[in-house]
Each structure stands twice: as structure tokens, then as C-alpha cells.
Amino acid sequence: MIVEGTEAETCEQLLVKFRAAPRAAKVEKLMFSGVGKRDVYNITAPFNYDGEEVIVGRVEERDSEFSQVFFFTQTDEVWNPRVHTHTYNLQDPFITMIKGELIFGGVEVITAADNSNKIVSWVTQFYRGLSIDSLCHFSSGPGTMKDIRLIELADGRIGVFTRPQGIRGGRGQIGFTIIRSLEELDEQTFIDADIIQDQFVAEEWGGANEAHLLKNGLVGVLGHIACFDNQKNKHYYSMVFSINPETCEKTPIKIIAARSDFPEGPEKRPDLEDVIFSGGLIRLNNGRAMLSVGVSDAEAYRIEIPDPFIEYE
């Protein structure tokens, strides 16, 4: 169901609705080995590759923003780095399939030229290939733009979600455009994408983390909505909405998970305690879904919840 003319609601308003509708949820913490004492968080949803389940995760020292992205496989309920697989100096990985090709990406941090290791910008990098072991770089996003995501639409074209900031996007809006092929994925495509209107109030922000083609041709978007409190602590929530790719009509945002869904645990910094970052979602066949998230920028969890996209179909 597409609702036109809806005004943006704040995180607080959306949280009231979320807490007023309790749902059965099953939570699982993911265990990792083979990465030393580093944290693994902001994971993708698992995907099947060459007969085994694979996830991709951000691997990082607790006191650093310089991370690597690893591909992991599971043995005896522990996730280990996939053997003989390249790692990438990126943050916040994502995976999708476009026309039979594996599309992988993440955010590269850019440091100052004075060798101070001060992060001055970041760029989303894109890789493509027919296998994990044959991925080649093919496109880069504009400077300071995270949360760029791709989806193959019902007619074979490619939907592109962007995340402009600054003059056009404030603290972060979601943009959308359609291209005919991956060869059109260039910096101008990202810059020219239309902003989806009335999603976030001016003081808050959000982004798309994964897109799902629904059986009626709409696109279900898994993302995040975020805000600061008076002490400048960040608050991030998992959310969803749907969009008609032809008209950009969209449904209101709804929160589907919050930090309170998960056990207490460590955080990267005190201001990141109330943060979950949507990594990916697997729709199950029983009206349920498995959501993969990073928690407090320090841990990785999966939570089984009611399928949030059913109402859009």
C-alpha cells in the first residue's frame, strides 16, 4: 500500500508506534574467530555461495576507524575468514546480485595528506564479478556519500539508492534513480538522483542499507533512521519502507528493531551505545524474516522478526 502526502515523523514518534506493537523475536549473537582481538560488526545478511553460507563483515580494532572487510564462512556455529579470500580496506560492506553478477561494496576512508591519519572524507567503492574470487572494481561514489545501494528491478533495469548530504540532503536523505546497466553507474548518476521527499525531519537522517524486489514490482527498502540527543549521543534504529520505482511514491517509514532488542554489551564509544546498523534481511517462508545488524559498533547479531515487507505486497 502506497500512501501519498505523508509527512516525516521523528525517531521519537516512530519509536512510540514500534513499542506499542510488541512482536515475538528470537535473538542470536554471532561468534567470530580468526581476526585476533578485533571486533566484527555491521555484517551483511548471509548468502549461499558454492554450497556454503557466507557473510561479509566489518573487522576493526575497538579504538580505530580503520577497518577491513572479510568474507566469512561458518564451522560449528563460529564464523571464520573464508580461506584464500581477499580482504578489503573498507567499512560497512554490502552485497547484491545484478544480472547474475555478484555486486560487492563498502566505504573507503580518505585520510589527510599530512600523514596524520585524520579521516577527511570517504568514498563508496563498488566491485563486480561472477564469483567472490574474481571481483573487480568498477565504480566509485562521490566524496562523503555512504549508503549507496543497487537493486535489479522487475524489467531488468537497475534502481540506485543514494544518500546526499549538505546543501541537498542536510544530515542525510535518501535519493533514488534508475539506470539501464551497470556501465551507467558513475558519479553523475549518484549526484543527479532525485531525493525521496518527506522521509526525515531536518534534525535527523537516514539511509538505505539493502533493497528487495517485491512480488508486485515495488521495492522494499531496509535502512536506518538516526538522531542525536541533547548530549550528542547517536541513536540509530532499523527501519523499512517501500517505494514504487516508477513514480517514487513511498510508504511511511516504520522502525523494525532497536538496541533494546539485544542484550547489553560493549560499545565502541559511549555515544554509540544506542546504535544498531541494518546489514541485511532474509525473508523466510513462514511470515518471518531474519535481520542481520551491527550493535553499538562492536558486535554482530541476527534477530528473527515478523516479515516487515509482507504488508507492502
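Condition first: buried (at least 22 other Cβ atoms within 10 Å of the Cβ) and among the hydrophobic types (A, V, I, L, M, F, W, C). Can you find one or more residues in the stretch 134-142 that meet it?
Looking through the stretch 134-142, none of the residues is buried (at least 22 other Cβ atoms within 10 Å of the Cβ) and among the hydrophobic types (A, V, I, L, M, F, W, C).
Among the residues in the stretch 25-32, are any over 18 Å from Ile276 (Cα atoms) and either in contact with a helix residue (DSSP H, G or I) (Cβ under 6 Å, 6 or more places away or on another chain) or of a type outside the set (Val, Ile, Thr) (or both)? So far as the stretch 25-32 goes, yes, one or more of its residues are over 18 Å from Ile276 (Cα atoms) and either in contact with a helix residue (DSSP H, G or I) (Cβ under 6 Å, 6 or more places away or on another chain) or of a type outside the set (Val, Ile, Thr) (or both). Looking only at residues in the stretch 154-170 that are surrounded by fewer than 18 Cβ atoms within 10 Å (Cβ to Cβ) and at pLDDT 95 or above, the one that is farthest from the chain's Cα centre (by Cα) is Asp155. Of all residues in the stretch 109-120, those that are on the phi < 0 side of the Ramachandran plot have Cβ atoms under 7 Å from Cβ atoms of residues that are assigned to a loop (DSSP other than H, G, I, E, B) and among the small types (Gly, Ala, Ser), 6 or more apart or on another chain, in Lys118/Ala112; Val120/Ala112. Residue pairs whose Cβ atoms lie under 8 Å apart, separated by 6 or more positions or on different chains, with the first residue in the stretch 177-191 and free of Cβ contacts under 8 Å to residues at least 24 places away in the same chain and the second in a helix (DSSP H, G or I) and β-branched (Val, Ile, Thr), are Thr177/Thr189; Ile179/Thr189. A count restricted to the stretch 171-183 and to residues that are more than 19 Å from the chain's Cα centre (by Cα) and either surrounded by fewer than 15 Cβ atoms within 10 Å (Cβ to Cβ) or among the basic types (Lys, Arg) (or both) stands at 3. Once the stretch 118-142 is narrowed to residues that are in a loop (DSSP other than H, G, I, E, B) and more than 18 Å from the chain's Cα centre (by Cα), the residue that is modelled with the lowest pLDDT is Lys118. Scanning the stretch 198-218 turns up no residue that is on the phi < 0 side of the Ramachandran plot, modelled with pLDDT under 95 and either crowded, with 22+ Cβ neighbours inside 10 Å or of a type in the set (S, T, N, Q) (or both).
A residue that is in contact with a Lys or Arg (Cβ under 6 Å, 6 or more places away or on another chain) and surrounded by 11 or more Cβ atoms within 10 Å (Cβ to Cβ) can be found somewhere in the stretch 16-38.
Output the residue which, of all residues in the stretch 184-197 that are under 17 Å from Thr144 (Cβ atoms) and β-branched (Val, Ile, Thr), is surrounded by the fewest Cβ atoms within 10 Å (Cβ to Cβ). For the stretch 184-197, the residue satisfying everything is Ile191. Scanning the stretch 74-93 for residues that are closer than 14 Å to Asp133 by Cα and within 22 Å of the chain's Cα centre (by Cα) returns Pro81, Arg82, His86, Thr87, Tyr88. Taking the criterion of being surrounded by fewer than 13 Cβ atoms within 10 Å (Cβ to Cβ), of a type outside the set (Val, Ile, Thr) and more than 25 Å from Asn48 (Cβ to Cβ), the residues of the stretch 113-133 that qualify are Ala113, Asp114, Asn115, Ser116, Asn117, Lys118.
Residues in the stretch 229-256 that are on the phi > 0 side of the Ramachandran plot and either touching a strand residue (DSSP E or B) at 6+ places or on another chain (Cβ under 8 Å) or crowded, with 23+ Cβ neighbours inside 10 Å (or both): 1 in all.
Do we find a residue being closer than 24 Å to Arg38 by Cβ, of a type in the set (Gly, Ala, Ser) and surrounded by 23 or more Cβ atoms within 10 Å (Cβ to Cβ) anywhere in the stretch 257-279? Yes, because at least one residue in the stretch 257-279 is closer than 24 Å to Arg38 by Cβ, of a type in the set (Gly, Ala, Ser) and surrounded by 23 or more Cβ atoms within 10 Å (Cβ to Cβ).
The values are calculated or read from the model by the stated rules, or taken from the named source; none is laboratory data. Just so we're clear, the structure is a prediction, and the values are computed from it rather than from any experiment. Note that each Cβ is placed from the backbone with ideal geometry, even for glycine, and that neighbours are counted across all protein chains shown.
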